[in-house]
Amino acid sequence: MIEINNIEWLHGSMETLNERPLVPFADEVIEELDALSKALMKDPASRQYPDVVTFAFFCRRGNLMKLREVFSCQSSVIRLGWGVVFHIAPSNVPVNFAYSVVAGLLAGNTNVVRVSQKQFPQVDIIVKHMRATNMHRVAVVRYPHESNANEVFSGLCNVRVIWGGDATIETIRKNAIPARAFDICFADRYSIAAINADKLTENCILNTEHSKTLAERFYNDTYLFDQNACSAPHLICWLGEQDNIKKAKEVFWEAVYDYAKAHYQFQDVMAVDKLTALYKQAVAMPTCEEQTKNNLLRRVEITELPCDIDTFRCAGGYFTECEVESLDDIAPIVTAKYQTLAYYGFEREELEAFVQRNRLTGIDRIVPFGETTTFALTWDGMNLIDKMSRIVSII
Amino acid sequence: MMDEILEIAPYSLEKEEKHKLLNARLQELTRVHYNTCTPYARMMDAVGLDVNHLPDYEQLPFLPVRLFKELELRSCAAEDVVKTMTSSGTTGQQVSRIFLDRETSALQTKCLTKIVSAFLGTQRVPMLILDSSAVIKNRAMYSARGAGILGFSMFGTKRQYALNEEMELDIEGLKAFLDEHAGERIFLFGFTFMIWQHFYKKLLETGYRPDLSQGVLIHGGGWKKLAQEQVSPAEFKQRLHEVCGILPENVHDYYGMVEQTGTIYMECECGHLHAPIFSDVLIRRPLDFSLAEIGEEGIIEVVSMLPESYPGHVLLTEDKGVILGEDDCPCGRKGKYFKINGRLKNAEIRGCSDTYAAGFRR
C-alpha cells in the first residue's frame, strides 16, 4: 500500500476501511446513527447551527426506520453495500459531507470522506461526536490538493461520490478507480421556481402572515446558501390572472426583501456582480429591470424564455422572472442541467401530469418552497441506496 | 466641443462650471453610444433610460468595468478601430478589450498631455523609464505596462531604461545618461511595485546613488503589492529620496485604468489624487448605489469625456475610495480630490457549485 502524504485523519483510520459490507439499513448502522443524533442534540454547540440540528434530526431512529420501511417495500431482493465508498464533499456546504456518508452507511458501505480545507464549526461538531460515539465504518479525512490521497482512495474504492460541481468532477476523475468501481457525480445544476399567483393572492387575503412564512421558506431556498446551491431557484415563473400576478409579485417580493434585509449578510462586491449580470442579460435578451429597494435584491423581467437562460445567473439574490400561461411553457427550455423545480400553489396531479406529458430530460425534484435543500436519499434523480448497494440474485 | 474643453487648464474650474461641462459632454456621449452601440442601447433600455430626456450625469447608468472583459463593446465600425487596448490581467484571466478609433485615440493623447504638463511643465525633457526595455520589445509582456510606457514616452526627449532586459539595474547606462543631462530636469516614469522591487531595492543593494534631485517621478499601477509589504505612500517617497535624492513633492502617483486611458488622476504635492475637468470621480454606496458623502467610503465610479469609440464614459470600478474634498485642496487645484482604499473584496460564497468562486478569483 502506498503511503498517503499530508493527510489528517479527523476520525477513523486506514483500518476502518477493512470492514466488510452490510445489508442496507442494518440495525447496527441505525443504532450508531441514532447515538450520533442524540449526542448532537444534547450538545449546546449544535443549537447554534440549524443545519447541524436538521442533520441530527435526520439521523434519529424514528426517521431512519421510516426510510427502511419505504426501502423494504420497494426491494425484495438481497442487497449488500459495494464495499468502500470514497466521498469528496463540496467545499462550501458544511454539513453535506455528513449526509453523503449517511447515505453510504445506510446502503451498507464503509466510508471515507474528504472534507474541505476550509474550516467550518459544523464539520468540527459532527466529527467530534462521530469520535465520541465511536462510529464504525466512517473515516473523515482532510488534505490539501498536493496530497496523493485522491489517488490512493480512488484506487481502493468501490464507489466514488463526487460533489462540488463540474470542475471538481473533472479534477477528481484524473485519478483512476478500479475496473469494477464507478462514480456518482453531482454536477453543476440549475433550478427554477413556479408560483401560482391566484393561489398566492387568495392565501394572502385569508392570512396576512402568509407572505412572511413564504418569504422565509424562499429565503432558505435561496439566500441561505447565497443562491449558489444547485437547488436554489434563479428563474421564477409566474402563472395566473394578470391582476393576481401583479399583486402577488408585490406582496411576495416585499416580504422576501424584508426577510433578507433582516437575515442576509450583503457583501459589497455583490452589488457589482449583480449589475454585471443584469447588463449581460440585457445584451442577450429583451430584459427589463424591476425596481427594488436596493442591491440586496435584484429582479429582472423577461417576456420569453430563451433556452440558455440557465447561463444568466448570479449569486446572492438575483432573480429572473417570466410570466407564463401554463407549466407546459417552461418545458421547452428544460435540459438535463435542470435539477429542482420549487413550486407554490400547484396540486400533485398537475405536477405529475406536467412531467409525464412533456417527457422532460431534466428536473429531478419538484418540491414545495422551503424544501429545496432538504436532503433525501433520492438525489439528482438517483436512489442513493440502490446506487450504493449491489443486488445478489439467487435463483 | 472637446477641442474647446481641452484648451481649458485641467484644474481651473469651480464645481458648477465643471458640472455644466460634464453634463453636456456626458449626455452627448450617452446619445452617441446609444445610437451606435447596440449592446449599450439594450442595457440602457433594460434599466429604462429615456435617451431623449437624459438626467444629470450623476444619475447616468454606469457600466461595471468587468463588462469589457465579457462583452465586445464598440461604438465605431470595426474597420475604424486603430488600436485595441487590453488590461493587464494575470495569467488565465479574461482581459478587457477597449476599441479605439483615430478620434478617441487622439483625444486620449491630448488629454494626457494636458494633465501631465500641469505637473511636468510644457517642455519635453529627458526621460528615465524605471523599467526594463524588454517590456516594449517582448509582445507577450506588452499590455497595460507597455502601453503606459509608450503613452508617457511622448513627454521625454531622450529615453533611457533603468533596467536591462534581465531586469537588472543598468548602472553604466544610468551614469552616462545622468552625466549627459547633469543639472537638467528629468522625467521619471514607472510602475509603483516595479520601482520598489527593481529600482529602489537594487539601489539599496548595490550602493549606487544616482543624483535625481532634479527628477519628477510619475508612477502608477496600484498599491496592492506594496501595501502587503507595509510600505505607505509617504514611506515610498522618503525612501526613494534617501537613495537618489528625488524630492518627495516631485513624486506623483496616479490612478487610472485602461478603460479610461487619458483621463488619469494625478497625486498632488499634498498626496491627494485629483480629478481634472475632463473627468470626475463619484463614490457610490454599495447597498443602493446612492452617492456617498465627502469622507464616506464607497465604490468608485469614474466618468470621462473622452470615450467616443466605446461606451466607457460612465464606469463603475471595483475599487473602494473616499472623496476628501472639492475645490479646496491646499495645493490650489480645483476639482474633487480623493484617495483609493483598495479593491472590493471577493465574495465569500456558500453553496455547492465550487466553480462560481473559481470564476471570479483574481
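All of the numbers you see were taken from the coordinates with simple rules; none came from a lab. What you see is a predicted model, and the numbers here were worked out from it, not measured in a lab. As a convention, Cβ positions derive from the backbone with ideal geometry for all residues, glycine included, and neighbour counts pool all protein chains shown.
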For A:F120, list long-range residues whose amide hydrogen, built 1.01 Å from N in the peptide plane, is under 5 Å from its own amide hydrogen.
none
Given the pairs B:K114/B:K334; A:K293/B:K339; B:K224/B:K320; A:K66/A:K128, which span a C-alpha to C-alpha distance of over 23 angstrom in this model?
A:K293/B:K339; A:K66/A:K128
So what are the ³J(HN,Hα) numbers for segment A:332-342, from phi and the Karplus equation (6.51, -1.76, 1.60; θ = phi - 60°), rounded to whole Hz, Gly and Pro as x?
x, 8, 6, 10, 4, 6, 6, 9, 10, 10, 8
Would you mind classifying segment A:294-395 by shape? Square roots of the alpha carbon gyration tensor eigenvalues, ordered a ≥ b ≥ c; an a/c under 1.5 is rounded, otherwise it is prolate if a/b is larger than b/c and oblate if not.
prolate
What helices does chain A hold that run 24 Å or longer along their axis, going by alpha-carbon atoms, with a Kyte-Doolittle average of 0.0 or more, using DSSP H for the helix calls?
A:268-284
Just tell me how shielded A:156-169 is by partners: mean number of partner chain Cβ atoms within 10 Å of each residue's Cβ, no decimals.
2
Sort the following peptides by mean Cβ neighbour count (other Cβ atoms within 10 Å, averaged over residues), highest first: A:271-279, A:328-336.
A:271-279, A:328-336
Give a quick list of GluC sites (Glu not before Pro) in segment A:125-215 that DSSP marks as loop, anything other than H, G, I, E or B, with at most 14 other Cβ atoms within 10 Å.
A:E146, A:E209
Please report the net charge: other residues with Cβ closer than 11 Å to the Cβ of A:F153, K and R +1, D and E -1.
+1
Please compute the length gained on full extension between B:D3 and B:D56, using 0.36 nm multiplied by the number of residues separating them and subtracting their Cα-Cα distance.
16.8 nm
Quick one: 3J(HN,Hα) in Hz for segment B:73-82, Karplus 6.51/-1.76/1.60 with θ = phi - 60°, rounded, Gly and Pro as x.
10, 9, 10, 10, 5, 4, 6, 8, 6, 9
Average beta-carbon neighbours from other chains, 10 Å sphere, peptide B:35-47
4
Estimated inter-spin distance, A:R357 and A:R131, nm [label 7 Å along Cα→Cβ]
5.7 nm
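Averaging the inverse of every distinct alpha carbon separation and then flipping it gives the Kirkwood radius. What is it for segment A:14-90, in angstrom units?
14.4 Å is the Kirkwood radius here.
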Counting other C-beta atoms within 10 Å, and keeping those with at most 13, which DSSP coil trypsin sites (Lys or Arg not before Pro) do you find in segment A:332-395?
A:R359
Pseudo-spin-label distance B:D45 to B:T113, built 7 Å along Cα→Cβ, given in nm, is 4.1 nm
To the nearest whole number, what is the average tally of beta carbon atoms from other chains within 10 Å of the beta carbons of peptide B:56-64?
2
With both partners inside the protein assembly as shown, how many of the DSSP beta bridges are antiparallel, as a percent to the nearest 5?
40 percent
Counting sequence-distant residues (5 or more places) and residues on other chains, those with an amide H built under 5 Å from that of B:V81 are none
Add -39500 (n - 2.57) for each DSSP H run of 4 or more in chain B, then divide by its residues: what number comes out at 222 nm, to the nearest 500 deg cm²/dmol?
-9000 deg cm²/dmol
Based on the Cβ-Cβ distance from B:S213 to B:E296, what FRET efficiency comes out when R0 is 41 Å, to the nearest 0.05?
0.55
Given a Förster radius of 45 Å and the C-beta distance between A:R348 and A:E8 as r, what FRET efficiency does 1/(1 + (r/R0)^6) yield to the nearest 0.05?
0.45
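Given Cβ point charges of +1 (Lys, Arg) and -1 (Asp, Glu) and nothing else, what value in debye, to the nearest 20, does the dipole of segment A:190-368 about its Cα centre take?
Dipole magnitude for segment A:190-368 comes out near 500 debye.
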Using alpha carbons only, what's the Rg to Rh ratio of the protein assembly as shown with Rh from Kirkwood?
1.04
Which translational diffusion coefficient, to the nearest whole µm²/s, is obtained for chain A from the Stokes-Einstein equation, given a Kirkwood hydrodynamic radius over C-alpha pairs, 10 °C and 1.306 mPa s?
70 µm²/s
Positive dipole terminus of the protein assembly as shown, leading residue within B:C270, B:M43, B:A144 (C-beta point charges):
B:A144
What is the list of residues in segment A:89-117 whose amide nitrogen lies under 17 Å from a point 7 angstrom out from the Cα of A:S75, following Cα to Cβ?
A:100-111
What is the distance, in nm, between label points placed 7 Å from the Cα along the Cα-to-Cβ direction at B:C270 and at A:H145?
4.7 nm
For chain B, report the convex hull volume of the alpha-carbon atoms normalised per residue, in Å³, without decimals.
153 Å³
